[in-house]
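Visitor: Mind having a look at this structure? Questions to follow.
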Amino acid sequence: MAAEGNVKPAKKLSLKENYALLTRGLGWEPSYEKHEEIFRNISFEGIKIHDWEKWEDPFRLTMDAYWKYQGEKERKLYAIVDAFQQNNGQFNVTDARYVQALKIFINGITELEYDSHRGFNMLAREFPGVGPRIAAQMQSLDELRHATTQIHTISQYAKYFTGMNEFPYQFDRAWYLSIPKSFFEDAVTSGPFEFIVAISFAFEYVLTNLAFMPWMSGAAFNGDMATVSFGFSAQSDEARHMTLGIEVIKFLLEQDPANVPLVQKWIDKWFWRGYRLLSLLATMMDYMLPKRVMAWNEAWEIYYEQNGGALFADLARYGIKPPKRAPETIAEKGHVAHQMWSVFYANRDAVGFQMWLPSNEEMDWMSEKYPDTFDKYYRPRYEYWREMEKAGTPFKNTTLPQLCQVCQWPCLFTEPDDPTTLSLRETEYKGETFHMCSDGCKDIFDDTPEKFVHAWLPVHQIYQGNCFLPDVDPTAPGFNPMYEALRYMGIKPGVDGGDFKGSADATNWEKWTSRPANIHEGAYTDAVRDTSNPSDAARKAI
Amino acid sequence: MPIKAITPDYHGDFKDSVDKFRGNQIVNIHWEKHLMFAWPMCVPLPPTMPFGTLIEGVLPGIFGAHPNFKQIDWSQVEWKTSKGPFKPDPAKSLVDNGIGHKTTISFSTPGLAGVNGNAVC
């Protein structure tokens, strides 16, 4: 026994011991409830886990350290956000077209972060293993943080530009936002194992680099300090999420050979769904960034064909093959951004962001980046539409699209081997016809029609009369169903969307900044001071 | 293999069955090789509508903005659905022509191949 005045404190815990106590040490075995009564949702999918202790934590992070790091990141981020707001950082972006991309982000992407928060919250409850539960809990908090930080940073833009003030409302109603919404709701209504393969592996590990690398670089290149800052603040979280994704796959595959075909099926499904969702990014990168970082096809080559190729070569030892529909994504890479921009332009009165035709310089850039496809298939269309604009009869499509029952995109994609023929697929199921945009989506429908028959397809909902506000009388004289449907969706017709030229965003931008709203076309209004040759400086910067 | 779900025999409701469209049925119409109209157009129509009314009363509102539209010789148009080619009888109803709920009709116009002969516009 130590003499008085000579008490030595207990030895400080080693990092390893500390970690063990604050992760595995937090779990316990139930004594008066059956294990299967507590963890009810882990067996119905057919995944077999023999030993949850085999789970290797990919990051040795404990909850106390997590709070410390995240708190630190928050302080740094909000200091930048404060500075951004005080310096009117919203006017430092290249031009007001860039802001249209932010509208898509806040209305269609931020809510996915929140959905992801919900999904991981459920996993944190449902997994019997302590390691994955803690990882899921941290990720759940991360996702909630991402939603909040995005809302806070983009809110500054919402004070000055249209179309961003109704984001949670629009997300649940706007016809094209059912694309991201249905993607994530398919995931969160799956079982816990399908969800984690879908989001942690197929989306976060295989595909998220596409969102983060080119898109965040694009934000930086176009002077958007706010987006870059939340992007960087989220990046270390994303690194953790990706690591979780690869660990999950290895754990499932090593636990039981019977898991392999299930995991393969989910990889095939969620790679395709994730790819279809990210096609939106293709058009954002190629058309909405006034200063471009890389083209979609280049990003796809680097982040999927090369990185993904190496990944699947590595997973081959488990018997996992590359995603079934990967060849289609490669065949489409020269088309998808252009096809999507075309339909958004043609339907610009029905969306909540503004549209324009690419300028000559922009088309030259696309010819260079897409030598095999752009001049042949897309330049003629844009040139004709430009003639129509000049003639005072701009082209507009006025009829709603046939939607894909699975991804909910309009059936706008073409056959992988023929860009002049639409890729239309259908299945008859229990006497009713269902339409799909591709073989990838048809695979998914045919595998689980029970789930997809009750997809909420906005076009059909409008025609069923379910998309009008309560004050609307469809029998009143002059009733305009399209106008009313947009109002129901939280989109202000003629304000949030429509033609960029002449829009409130373009006009205000020139008034407030004295710079052209579209650097490639020059000034639209006299508010730009040097009207003789206003976009020269900007042209040099490209 | 049926879906795996927590609830036994899980099956979603049919959200878009024909009874929900207030007497109409959904018809999708696609003009091939005229990809300025880059998706099949979805419209609710009475099943009893004569096919001729579809041609004269509905299609101009959808595709009329295309310069090829006025030049279409409707007797030369080739029609098909997923079940194969068909020759519509303009006097008969959509249903009697085999056009049911959610049928997609594709038509092609020989000799007219988009603006300046370009199928993408």
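The values are calculated or read from the model by the stated rules, or taken from the named source; none is laboratory data. Note that the coordinates shown come from a computational prediction; the quantities given were computed from them, not determined experimentally. Cβ: placed from backbone, ideal geometry, glycine included. Neighbour counts: every protein chain shown. Keep in mind that these areas ignore ligands, DNA and RNA; they rest on the heavy atoms of the full protein, side chains included. Shrake-Rupley method; radii C 1.70, N 1.55, O 1.52, S 1.80 Å.
Visitor: Select from segment B:41-57 the residues that are at the interface with chain A (Cβ under 7 Å from one of its Cβ atoms) and out of contact with any Ser or Thr (no Cβ under 9 Å at 6 or more places or on another chain) and list them in ascending order.
Guide: B:P44 - this is the single residue of segment B:41-57 that is at the interface with chain A (Cβ under 7 Å from one of its Cβ atoms) and out of contact with any Ser or Thr (no Cβ under 9 Å at 6 or more places or on another chain).
Visitor: Where in segment A:46-128 are the helices (runs of 4 or more DSSP H), entirely inside, with at least 1 residues that are surrounded by fewer than 21 Cβ atoms within 10 Å (Cβ to Cβ)?
Guide: A:63-86, A:110-126
Visitor: What is the one condition in (1) more than 10 Å from every other protein chain (Cβ to nearest Cβ); (2) touching an Asp or Glu at 6+ places or on another chain (Cβ under 9 Å); (3) open to solvent by 20 Å² or more (accessible area, probe 1.4 Å); (4) not hydroxyl-bearing (S, T, Y) that B:I3 does not satisfy?
Guide: With (1) more than 10 Å from every other protein chain (Cβ to nearest Cβ); (2) touching an Asp or Glu at 6+ places or on another chain (Cβ under 9 Å); (3) open to solvent by 20 Å² or more (accessible area, probe 1.4 Å); (4) not hydroxyl-bearing (S, T, Y) applied to B:I3, the lone miss is (1).
Visitor: Can you name the condition, by its number, that A:H50 falls short on among (1) farther than 19 Å from A:H146 by Cα; (2) within 34 Å of the chain's Cα centre (by Cα); (3) modelled with pLDDT of 95 or more?
Guide: Just one mismatch for A:H50, condition (2).
Visitor: Which pairs turn up if I take residues in segment A:379-402 that are more than 7 Å from chain B (Cβ to nearest Cβ) and look for partners that are open to solvent by less than 60 Å² (accessible area, probe 1.4 Å) and not in a loop (DSSP other than H, G, I, E, B) with beta carbon separation below 6 Å, at least 6 apart in sequence or on another chain?
Guide: Hits for this filter: A:R379/A:M363; A:P394/A:M388.
Visitor: To continue, here is another question. Given the conditions (1) of a type outside the set (F, W, Y); (2) open to solvent by 30 Å² or more (accessible area, probe 1.4 Å); (3) closer than 30 Å to A:V459 by Cα, and given that A:A202 satisfies all but one, which numbered condition is not satisfied?
Guide: The single condition A:A202 does not satisfy is (2).
Visitor: If you don't mind, there's one more thing I want to ask. Which one is most open to solvent (accessible area, probe 1.4 Å) among residues in segment A:310-347 that are part of a helix (DSSP H, G or I) and of a type in the set (V, I, T)?
Guide: The selected residue is A:I330.
Visitor: Which is of a type outside the set (D, E, K, R), at the interface with another protein chain (Cβ under 9 Å from one of its Cβ atoms) and open to solvent by 30 Å² or more (accessible area, probe 1.4 Å), of B:A65, B:A38, B:A91?
Guide: Just one listed residue meets the conditions, B:A65.
Visitor: May I pose another question? How many of the residues in segment B:11-35 are open to solvent by 30 Å² or more (accessible area, probe 1.4 Å), outside any loop (DSSP other than H, G, I, E, B) and either in contact with a strand residue (DSSP E or B) (Cβ under 9 Å, 6 or more places away or on another chain) or facing another protein chain (nearest Cβ under 7 Å) (or both)?
Guide: 2
Visitor: Are any of the residues in segment A:210-221 without any contact (Cβ under 8 Å) to a residue 24 or more places away in the chain and either open to solvent by 30 Å² or more (accessible area, probe 1.4 Å) or farther than 30 Å from A:N87 by Cα (or both)?
Guide: yes
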